[in-house]
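What follows is a short report on a single structure.
The values are calculated or read from the model by the stated rules, or taken from the named source; none is laboratory data. If you're wondering where the values come from, they're calculated on a predicted model, not measured in any experiment. FYI the Cβ positions are ideal-geometry reconstructions off the backbone, even for glycines, and counts take in every protein chain you see. For accessibility, only protein heavy atoms count, side chains too; no ligands or nucleic acids. Shrake-Rupley method; radii C 1.70, N 1.55, O 1.52, S 1.80 Å.
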Amino acid sequence: MQIQPLQPGDLPDLLELYRDLVPHVPSLEKVRERYAKMLDNTDYLLLGAKEEGKLLGSVLGICCNCLAVDGPFLVIEDVIVQENLRGKGVGRMLLEEMDRFALQNHCVYAILVSSGFRKGAHTFYERLGFTEDVRGFRKMYRPF
């Protein structure tokens, strides 16, 4: 298995994975537009886990700056692994690569949020060193 930045040709498979994350997946055209913007910004890293050309999982990392902390922090979003491959190390490898990205960018910490009902994901994140010492909130401006 290889962990590598996603390429434009991976986007249709990524949309299929996202169907497990969000109720309404955007169009391929919209995803391509957003992807193009991310490519121009080195603060973004969109990774995929691939084996024999097949996309098994993905994660998005964004390095952010704030004034209250001495250094940037990493926001981790859209962590997804094919359901039948969960527990097989795919997600661990993706998040370990995000750790490398964070350290290369001198991030102080990483944050992620997970829906309250995803108990298995919570256990997975805790095994990788994340702690549940903050409470996440979401304010919706429009439906997904």
Would you mind telling me the share, in percent, of accessible area of segment 86-144 contributed by carbon and sulfur at probe 1.4 angstrom?
54 percent
Toy charge model, Lys and Arg Cβ at +1, Asp and Glu Cβ at -1: segment 58-109 dipole around Cα centroid in debye, rounded to 20, equals 160 debye
Hits among lysines - C-alpha to C-alpha of K88 under 19 Å, sequence gap 8 or more where chains match
K50, K54, K119
For segment 31-138 the GluC sites (Glu not before Pro) that pass both the DSSP coil test and the at-most-15 other-Cβ-within-10 Å test are E52, E132
So between R118 and C64, what do we pick up on full extension, going 0.36 nm a residue minus the alpha carbon distance?
16.9 nm
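Take the Cβ-Cβ distance between S27 and E52 as r, set R0 to 41 Å, and report the resulting FRET efficiency rounded to the nearest 0.05. Intermediate values should be presented prior to the final figure.
Details: r = 28 Å, r/R0 = 0.67.
It comes to 0.90.
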Just one of [x] 1.01; [y] 0.98; [z] 0.94 is Rg/Rh (Cα atoms, Kirkwood Rh) as worked out from the coordinates here. Which one is it?
[z]
For segment 9-98, report the accessible area per residue in Å² (1.4 Å probe, heavy atoms, rounded to an integer).
56 Å²
Taking only Cα atoms and a 10 Å spring cutoff, compute GNM fluctuations for the chain and point out the largest among L47, L128, L60.
L128
Neighbour-limited loop hits for chymotrypsin sites (Phe, Trp or Tyr not before Pro), segment 14-114 (at most 14 other Cβ within 10 Å; DSSP other than H, G, I, E, B):
Y109
Roughly what would the spin-label model give for T131 and Y18, points 7 Å off Cα along C-beta, in nm?
3.4 nm
